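Before any comments, here is the structure.
The values are calculated or read from the model by the stated rules, or taken from the named source; none is laboratory data. What you are looking at is a predicted structure, and each value in this text was computed from that prediction instead of being measured. Please note: Cβ atoms are built from the backbone with ideal geometry, for glycine as well, and neighbour counts cover all protein chains shown. Heavy atoms of the whole protein, side chains included, go into the accessibility calculation; ligands, DNA and RNA do not. Shrake-Rupley method; radii C 1.70, N 1.55, O 1.52, S 1.80 Å.
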Number of protein chains: 2
Amino acid sequence: MKATIITIGDEILIGQIVDTNSVSIARHLNAAGIVVHEKVSIGDDSAQIVGCVERALGQSDIAIITGGLGPTKDDITKKTLAEMFGSELIPNQTVSDHVKRMLEERGIEFNDLNRGQALVPACCTVLFNAHGTAPGMWFERGGKVVVSLPGVPYEMEHLMQDEVMPRLKAHFELRQIVHRTMITAGLPESMLAKAIEAWENALPPYLKLAYLPNPGAVRLRLSAYEVEGESVSKEIERQFEALRRIIPHNIIGYETATMQELIHQLLTERRQTLATAESCTGGTIAARFTAMPGASAYFLCGVVSYSNASKQAVLGVDPDTIARYGAVSEQVARQMAEGARRISGADYAVSTTGIAGPAGGTAEKPVGTVWIAVAGPRRTVALLKQCGSDRGQIIDRAGAFALGLLRDELNGK
Amino acid sequence: MKATIITIGDEILIGQIVDTNSVSIARHLNAAGIVVHEKVSIGDDSAQIVGCVERALGQSDIAIITGGLGPTKDDITKKTLAEMFGSELIPNQTVSDHVKRMLEERGIEFNDLNRGQALVPACCTVLFNAHGTAPGMWFERGGKVVVSLPGVPYEMEHLMQDEVMPRLKAHFELRQIVHRTMITAGLPESMLAKAIEAWENALPPYLKLAYLPNPGAVRLRLSAYEVEGESVSKEIERQFEALRRIIPHNIIGYETATMQELIHQLLTERRQTLATAESCTGGTIAARFTAMPGASAYFLCGVVSYSNASKQAVLGVDPDTIARYGAVSEQVARQMAEGARRISGADYAVSTTGIAGPAGGTAEKPVGTVWIAVAGPRRTVALLKQCGSDRGQIIDRAGAFALGLLRDELNGK
């Protein structure tokens, strides 16, 4: 079963927003065994919408559309789909009552624009949007399905999960898609490919291998489309087992597991705790952990000690050390980690201090220079890393290296 | 002049990555007056790539392709384009020398896969990739242009800026695209649309209005495509002036200016300083500021006081207050902000304490309950906000409300 995802909105074509809706929709479809054939983004243009939906129905069985359902004049998706399906717009009492109630709760008057939101094409099945004012719509033609969803991410997400996926599973006979990802580190892409060349060449033809390079890691993904899930999962497990024998020291995890997820799991299982002391990473390491539900079980305290005074006052870094070695130094990184561990009472603390740029670099310590330290129950370790030249890149990489060092210490390496 | 953006990679279609490349490319093209007609994402499939590029050339003048240029077998874009343009792959000495040098610096051996990266279609112009091993390629057919770029974001970004844009500007006679965005707050989309209906209806036909709702704000964008830039910019300024008279109290800024950018500017101009004390937002407020170059001029210190003990030990929150009112309370929010201000010596401090969920909610304080406080030279203010039900959404919204309160205090509201 194939699907095309269509996102509508001029804001996508001018680069004003990042389209995350199609990512979420793609995951839902893949998880149910539906192959995403193509993703398309187009403007709020009637002719283009019709052309795109017709093409989607030509090449696939399902078209999932988001966007263009707001109450204002620039939103034309509903009218366009009604015309395309030769159906008139009629009032829907359920939607109308719901919109009225939603607006009432927020103290907003119900006007003729809102009344317009309660009009739906006569031929469609209305998908109730509990979280917003624009309903989803389900159209069918010759066994194929067109779904139109609002572009507000969490409204779309709830509709996909609660309305669209159950209906697609009931409407179509679906097979399975299996994706499994192994995360490797320590071998650049081309060396990794040479190391596993014989293994890759001997893969069964229904398994597709992809290399996904990341800063510091290369992910290997095996995919099988529209298969019997169970036997294929077993075969992938066998292939990964063979791979573990070829590159035993280069495997750091599986699936999309991030380093913070691995550490989250380790700390939770061991009932150990964590603190952070960040300078150049500016709170992003703390934010990576605290984004995960359950972080409060182990994450005690983070300090973003941007100024030298706060390194001293909050973390107890020795002013003489800063004067002698500079704020970006092994000594300061160590004292920051140890200070964070001390003030929080955590088992482990990780610190970063570096030059994120664009200003502040010197010949000796150019932009991108970052010292990282981890203080634990046994010892404190520190590491010097060059993290690139772009501010965002430096913050990301320094965070990734810091998490890597923390994981190594947790594993007693 | 019209362009189609094509991103290639199965990882996009299965939702394994978010495509940010096309956002960046769209911005570059728009800034130069090139209209992005469509964005398409397809898999690493030869027939699909050819079909998609041919269709792009049918509907537009330019096709910008990213992805599929790596050294491994799953990357087939280069071979496919060579076949499509009826050109053979030949070795390129400059690319070969560059790849060898790059690998040498990183201590990696040059193997036959890397040798493959130095092969380019005979008919293309090579775009030198200083930051990676896969060169960009520029093809021409009947005056139209096809560009192929690597998918690694910062390699793509440098090539777009340094190679592709100058060449497009030289190759085509380009007109201008003008986008101007006004950011409003306080009126929901449908009420805003009613308030400015007469103004909207009287807009000149070449100005396109878009409503972009956000949590807490609605952006109004006026766009004009392929026009004489200067006179249109003046007309947009006149229209915005008229709008300022209609909704004088609802305009909070212009363009994509974020709240943290506005505060960054205010603090920098006034030479005032800032500290943060975050619980439920987990470091994301500190990270918003420290992501911006120049933040070190005013950002002194952030504390992520996740545990009650750290609220007491680091920020000096009174344990009795926590026991009496709970960690999520007006009193604790105020003491957190005041504590951060005190320990850092900053002029202003902003704090958050709330229940990000999914666990921890009660009938009295459900998930999404957040107390926000700002301590300044004159006073401390606090605000209670309901920030939704999803952890990520709660963290985002609480951060947005906290910045809003901080800006109001900075403006003496």
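Before moving on, here are some points about what is shown:
- Of the numbered criteria (1) open to solvent by 60 Å² or more (accessible area, probe 1.4 Å); (2) not in a loop (DSSP other than H, G, I, E, B), the one A:Ala340 fails is (1).
- Applying the condition of being of a type in the set (A, V, I, L, M, F, W, C), touching a residue at least 40 places away in the same chain (Cβ under 8 Å) and within 14 Å of chain A (Cβ to nearest Cβ) to segment B:381-396 and asking which residue is surrounded by the most Cβ atoms within 10 Å (Cβ to Cβ) yields B:Ile395.
- Restricting segment B:228-242 to residues that are in contact with a strand residue (DSSP E or B) (Cβ under 9 Å, 6 or more places away or on another chain) and open to solvent by 60 Å² or more (accessible area, probe 1.4 Å), the residue that is farthest from B:Ile177 (Cα to Cα): B:Glu237
- Checklist (1) within 14 Å of chain B (Cβ to nearest Cβ); (2) assigned to a loop (DSSP other than H, G, I, E, B) applied to A:Arg378, failing item: (1)
- Residue ID - nearest to B:Ser148 (Cα to Cα), chosen from residues in segment B:73-93 that are open to solvent by 90 Å² or more (accessible area, probe 1.4 Å), away from chain A (no Cβ under 14 Å) and not polar (S, T, N, Q): B:Lys79
Yes/no matrix, rows are residues, columns are (1) over 30 Å from A:Ile196 (Cα atoms); (2) crowded, with 23+ Cβ neighbours inside 10 Å; (3) in contact with a Leu (Cβ under 6 Å, 6 or more places away or on another chain):
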position: B:Ala3; (1), (2), (3): yes, yes, yes
position: B:Val18; (1), (2), (3): no, no, no
position: B:Val53; (1), (2), (3): yes, yes, no
position: B:Ala56; (1), (2), (3): yes, yes, no
position: B:Gln59; (1), (2), (3): yes, no, no
position: B:Ile64; (1), (2), (3): yes, yes, no
position: B:Pro71; (1), (2), (3): no, yes, yes
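- In segment B:363-375, the residues that are away from chain A (no Cβ under 14 Å) and farther than 18 Å from B:Ala340 by Cβ: B:Ala363, B:Glu364, B:Lys365, B:Pro366, B:Thr369
- Of the helices (runs of 4 or more DSSP H) entirely within segment A:94-190, those holding at least 3 residues that are surrounded by 15 or more Cβ atoms within 10 Å (Cβ to Cβ) and within 14 Å of chain B (Cβ to nearest Cβ) occupy A:112-117, A:153-159.
- Among the conditions (1) within 14 Å of chain A (Cβ to nearest Cβ); (2) not in a loop (DSSP other than H, G, I, E, B), B:Ala400 misses just one, which is (1).
- Condition check for A:Gly399: touching a strand residue (DSSP E or B) at 6+ places or on another chain (Cβ under 7 Å), modelled with pLDDT of 90 or more, buried (at least 18 other Cβ atoms within 10 Å of the Cβ) and of a type outside the set (Asp, Glu): no
- Subset tally (residues that are β-branched (Val, Ile, Thr) and not in a strand (DSSP E or B)) for segment B:61-72: 1
- Any hit, segment B:322-336, residues being more than 23 Å from B:Cys387 (Cα to Cα) and more than 10 Å from chain A (Cβ to nearest Cβ): yes
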